[in-house]
Each structure stands twice: as C-alpha cells, then as structure tokens.
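What follows is calculated from the coordinates using simple rules that are stated; it is not laboratory data. No experiment lies behind these values; they were computed from the predicted model shown. FYI the Cβ positions are ideal-geometry reconstructions off the backbone, even for glycines, and counts take in every protein chain you see.
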Amino acid sequence: MDTKTTDTGVFRGSNQSGLRDYNERLVLSVIQRFGAMPGVEIARFLGISSQTVSVILRGLEADGLLKRGDPQRGKVGKPSIPMEIDPDGVYSVGLKIGRRSADLVLVDLIGTVRQQLQITYRYPMPNTLLEFVRNGLDAFRGEMTEDQAARISGIGVAKPFEIWNWYETIGAPEADLQIWRTFDFEAEISAFSGLPVFAENDATAACRAENIYGRGREYCDFAYFYIGAFVGGGVVLNHSVFEGTHGNAGAFGSLPVFAAKSGGAQLIDAASLYLLESDLATSGIDPLRIWNTPQDWSEFSENVDRWVDQAALHLARAALTVCAVIDFEAVLIDGAFPVDVRNRLVDKVDALLPTLDMRGLVRPKIEAGVMGRNARALGAASAPVFAHYLINTHGGMTSV
C-alpha cells in the first residue's frame, strides 16, 4: 500500500480487497472534510479505481452513512450524483467535565447538536457525573426512535488532565478529588450504557471539534489554544489531531511564562478564565456570572479589559514559542467566552506579535476559532465517530 500523502494531506487508498474497511473510512473522511463529491472525483482524488469507489459508496449508502445529493448538471454526458454525509447515519454522545459544570450532548454525523443537558456543581465528583450521564442517556434515548438509538456509536469524555491536581484552584478538598486517581470512570459508564467509551484531554477534544467542524478545514497544520477555566491547547498535523504518546500533546497551559510578581509561572496561571473570576470577586461581582447563558460580559467590561490585556500578551509569546517547535501555518484561539471577547483577544494577540522578538521565525496567522463553549463536548462526541468511521493519521484514542 502506498502510504505517501497527497498534497491535501489525506492518505492514498488501496485496491486490495482486504483493506476495504480502511478504504471505507478513507472515503467517509474525504467527504466529511471536503464536502459532497461524485464517485469519479473521489476516485481521482484518492488514486483508487472508480470501480472500487463505486462499491464502497453503494455499501456506505446501504448502511445509511451516505446519501445522494442533487445531480450536477451542465457537463457533457449524464449528470453526476455527488454523495454526501447522511446526518442521521450515526449519532454519538459527548461529555465535557468542567470545573463548575458538565455538559452532555447528542450529536449527529455532521456535528449538529440534537440534544443537550447541563449540570452544575461545586466541584466535579465521579458519582455525581455518573448519575448525570445515566439519566442523560435515558433522556436522549427517550426522544429517539428505536433505530436511531441503535445508531449511537459511543460516548466520548473530555476532562482536564490529572484533574486531582487542580483542587486548590477549583476550591475543593484535596482528599475529595484524589478519588479521580484510581476511579475507572470510563469503565463505569461503559458498564451501564453498553457503549464504548473514549476519554481524552478536554483541550485536545476542543481542538478536534475545531479541526473537523470548524476552521480546521482551512489549514493542514495549526496550533490551537482553548481558554476555559484553565487554558489548554492542541496540535493539528496533516489535517489530524496529534495526541502524543500520553494523549497530552498540546498541553500549552504548562508552557512557562514570566510573571512580574512571582517570576516563573505557567500559561495556565496567566491566561485562564479563573483569573477573571478572581478579579470579579475582588470587585464585588459574582464570578459565576461569566458562565451564565446567554453570555453577556458587558456589565463588567473593565475587568474583562484587564484580563484581555494580560492574557493576550502571554498568548502572543506562547504562540511564538510553539511555532519555534513546529512551523505552524496558523494559530487558532477560542474559548468559553462571548464572541466579541474572543475577537478582541485574537486581534490583541495578532497586534502584539510584531512587538515581540521573532528572529528566526515565520509569523503565523492568528485566527479565531468558531466552536465556542461547546467545543469540548463536541470534540468528545467526535471520538467514537473517528474510532469507528473516519481516518485519523495520528490516531491514539483507545476505548473501554
């Protein structure tokens, strides 16, 4: 099999019958990323025979994963029929575990959220979350037909890396959060749900959502910063999220920064939203207001301005740092904040780059992500889809 990549970064296929499953994933991945395409164009794009593609397309259509689009007319001969993803072909569930709340989403094959539930708490504990997932799955299935429920492919879980180490920032008793060290959360979900469960770092999940549903279609390689209660990130190479040996690639929150008061620190201590919470509390404003839906931060704009100014400088330095390791064409920034705040932050980071020492570096594009607050839950929900149906050239996810 030819494992070289095309100029689009997608692996070439094979005509060997024993690799039909791989080729099915390949065809689905191409259509998912580049949109509806007729069979002859897919065959040309992937370098495999039209006959092989035709057989694959018929099988995927029969399985309900693809459907026929409107005929393309205007050329000589019969009009071509593009094949497109059928949103109802597969569903998946995503769980995002946050510092103060968790989100559970039911997502279709094109990334549309069909149902969503949320729970709030003082700090995340396994048993509370297991009950939330159990009840949520029952609620989701109750709104689906029997055939639709049977098409749920699995559950993805997005949670902070080593959540037990964040007890001080979360404001939780250290002893309570230590249960996460040994509690097999994913196995418990799999046991009562009967579904495969996939776990990954929450920022990596957000990066995956941006890559397949957002602006990732525009770039082959990019670095991704996601700002939630804690800042994190992800790495996309050759159109695929790179998880790394321990599933923690793109742990940009751990990048060292210089803080005037304390000297050495990490980016998580300089560009996270918990810092805005602290500033609001100092100003006598309820810090939990930043998590209200819909989000409107206009009433405490002075606090937001201070946070944007601080975070932007450290993010600009971090962007150059990661580009010194990998020559990214773009750096995408997104987070759990209103769109206007995100855009101000991105513009500020972009404006700061020329003021920094860029010797030996090519200036990357600084762009805004588009997934927002749901990025982590959507990314979690995409994990079962990748595991069963799509190609990830850097795949490292495992299921329970």
Just to be sure I understand: with springs between alpha-carbon atoms less than 10 Å apart, which residue in Phe386, Phe225, Phe252 has the highest mean-square fluctuation in the Gaussian network model of the chain?
Phe386
GNM of the chain, Cα pairs under 10 angstrom: of Ser80, Ser272, Ser153, the biggest fluctuation goes to Ser80
Calculate how large, on average over all directions, the projected area of the Cα convex hull of region 153-279 is; give the answer in nm² to one decimal.
9.9
Pairs of Cα atoms under 8 Å, at least six residues apart: use those to get the relative contact order of region 142-227, whole percent.
33
With the crude spin-label approximation of a point 7 Å out along Cα→Cβ, what separation in nm comes out for Glu218 versus Lys365?
0.5
Using packing as a proxy for protection, rank 243-250, 39-46 so that the peptide with the highest average count of other Cβ atoms within 10 Å comes first.
39-46, 243-250
Straight-distance crosslink candidates among aspartates and glutamates, where the alpha carbon sits under 15 Å from Lys159 and sequence neighbours closer than 8 are dropped:
Asp103, Asp184, Glu186, Glu200, Asp202, Glu243
When the label point is put 7 Å from the Cα of Gln148 along its Cα-to-beta-carbon vector, which residues of region 93-114 have a backbone N closer than 15 Å?
93, 105-114
Let a ≥ b ≥ c be the square roots of the eigenvalues of the Cα gyration tensor of region 156-221; is it rounded (a/c under 1.5), or, if not, prolate (a/b larger than b/c) or oblate?
oblate
With semi-axes √(5λ) of the Cα gyration tensor in Å as the read-out, I listed (i) 37, 22, 20; (ii) 37, 27, 19; (iii) 47, 25, 19; which label goes with the value calculated from this structure?
(ii)
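What trypsin sites (Lys or Arg not before Pro) does region 254-355 have in DSSP loop regions with at most 15 other beta carbons within 10 Å?
On the way: sites: Lys261, Arg289, Arg306, Arg317, Arg342, Arg344, Lys348; in loops: Lys261.
Within region 254-355, the qualifying trypsin sites (Lys or Arg not before Pro) (loop, at most 15 other Cβ atoms within 10 Å) are Lys261.
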Pick from Glu143, Glu218, Glu277: which is most flexible by mean-square fluctuation in a GNM of the chain where alpha carbon atoms under 10 Å apart are linked?
Glu143
For region 251-383, the Debye formula with one identical point scatterer on each Cα and no solvent gives log10 I(q)/I(0) at q = 0.11, 0.20 Å⁻¹ as -0.42, -1.30
Total charge of the residues flanking Glu277 in space, meaning their Cβ is under 11 Å from its Cβ, with Lys and Arg +1 and Asp and Glu -1, is +1
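Using a 10 Å cut-off on Cβ atoms, rank the peptides 226-237, 355-366, 162-173 from the highest mean neighbour count down. Let's see the in-between values first.
Working: 226-237: 25.7, 355-366: 12.5, 162-173: 15.8.
Highest mean packing first, the order is 226-237, 162-173, 355-366.
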